[in-house]
1. Please work out the ratio of the alpha-carbon Rg of the range 341-497 to 2.2 N^0.38 Å and round it to two decimals.
2. Tell me the net charge near Y413. Cut-off is 12 Å between Cβ atoms, Y413 excluded, with +1 for each Lys or Arg and -1 for each Asp or Glu.
3. Cα centroid distance between the range 431-457 and the range 54-117, in Å?
4. Of the listed pairs K258/K436; K362/K389; K294/K436; K258/K293, which have alpha-carbon separations greater than 31 Å here?
5. Using modelled backbone amide H atoms (1.01 Å from N, in-plane), which distant-in-sequence or interchain residues come within less than 5 Å of F264's amide H?
6. Taking other Cβ within 10 Å of each residue's Cβ, how do Y122, Y78 sort, fewest first?
7. Out of residues 5 or more away from T468 or on other chains, whose amide H comes under 5 Å of its own, with H placed 1.01 Å from N in the peptide plane?
8. Output ³J(HN,Hα) for the range 79-96: one whole-Hz value per residue in order, computed from phi by the Karplus curve 6.51 cos²θ - 1.76 cosθ + 1.60 with θ = phi - 60°, and x for Gly and Pro.
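Computed from the coordinates by the stated procedures, all read-outs in this text should not be read as laboratory data. Note that the coordinates shown come from a computational prediction; the quantities given were computed from them, not determined experimentally. Please note: Cβ atoms are built from the backbone with ideal geometry, for glycine as well, and neighbour counts cover all protein chains shown.
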Amino acid sequence: MHKSIDFSKPNRLDAGGFIVEGLLSFGRILRSLALPLVFIALKSGHLFLTWQFWAILGGLVTLHFVYSYFRHRNFIFYVDEESQTFVLSSGLLNKSKVVLKFENILQVNVRQNVIQQALDLYSLEIDSAGSKEKEVHLYALSEPTALALRDYLVAKNLSETESVDGSVQHDPVVDELLFRIPNVSILLVSLFTNYKQGLLLFFTFIIGLFDAFRDFIPKLDYEGYYQDYQSQWMNFIGQLLLIFAVILLIPILINLVKYFFGYFSFSLKKNSKGDFMMNYGLFQLQQVIFNRKKIQMMTFVQNRILRLMDVGVLSLHQVNTDPQQREQGTIHIPGINTSAREAVWQLVFGRSLSEAAQQRKKPKIGMFISRMVKLTLIALATALFWYYKDGAAVGLWGICLFFMLLSLYNIIYYRSYTFKIFPDCLVKEDGVWDRKQVVLPIDRVVAITVSQTLWQRLPQTANLHISTASGEVVFRHFDRQDLVDLSNQLLYCVERE
């Protein structure tokens, strides 16, 4: 079935694609006009009840879909075998042409949102190194065409190998299921991870609570009836509980959308070349193909609750030339357990990472001292500001308590900070509640730098900066001479590669 499709000739999207393009673009227009429409509704809501308004709106919608139809007809894509490129030509009034070299392709995604599911269509996205957005988005393909083009790109570029005589071989793509992640594991990650939003809202809530409580006390009528006093107090407590419940729900709802709905029914497969193919999604089905050779580093995050359940979040970082768009080249695998994580590592490194490290280094005490000095200065500045602004002893005691908690946090962070050295990779482990592990393959390192601040000169400590094509990782406050020797050794390994 796939062989009957010739991608070297100009191809158009499916006939129903103008509906998909029209609805998606119409949705973007509505989102951009949401505030003006709300303002008009509040000021002149009667306009929405007139027939003239609906006639004008109907005419604009019709013109929009007519424009979408002709724009859809001018959407052409094909493969140039001679130059080894994928070519996309689009646009009605403003013509554009995208030429994407096969060697720059990072990943190929096959997706299906709710609208596409209703029309039995699929979208195929091609992402390349250095682009801030998806380089190619074919938003309306039939299932055979989408899968055929996906397999063609995989066989042509992502998984191509060379024979002994140097000629390119295209082996058939055979998918092997490595593992599936149970939906209950993804749900656990959604419920018990990513507390940053919750903590920020919680501290905001505490500050507001002090102000509200202080303003509430003078309003109590101590000389009035007891029932009035009890009624005011119960209403105040009820409002606090309601606000606190909303604060607890916001991070959970964010995580449900980010993890559970987004990565529902996650499965990972590999083909005969060792490339990834991930399938997941509840409302928007996705198939994502990664080239394992373009994975620059991996991170694994697991808090103390998820550690008891043996689940966490594994992230794979690809080549990215724009540091501000680092998240664009990252795929997350939430709910992964130890055995599944080992399978991914085996696929990327070709061996297990459960072996003992050759070297295990701990940072010098200067790391703890540096963090405590910064914390002390911030706490003193906050206490002075509070004293001159308010002067309440309760606030000062609160600042002292907060200082003690952060001091305990720094102690645990310093004790957990570890630098592991393996024959072919470097591993950084840190964190207090959320334990983070960063794995850096040595053959993906592009730059190594040893830096030393003014305060590190006396204790003879320094920082090691390891740069890859997906970002930089810093190992702080280790013995300077050890880092210099290690950097020379790593540079020798990188140049030999």
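1. Here the answer is 1.31, to two decimals.
2. Combined, the nearby Lys, Arg, Asp and Glu give +2.
3. Centre-to-centre distance over Cα atoms comes out at 42 Å.
4. K362/K389
5. Close amide H contacts, sequence-distant or interchain: G281, L282.
6. Y78, Y122
7. V446, V473
8. 10, 9, 5, 5, 9, 6, 9, 9, 10, 10, 10, 8, x, 10, 8, 10, 6, 9
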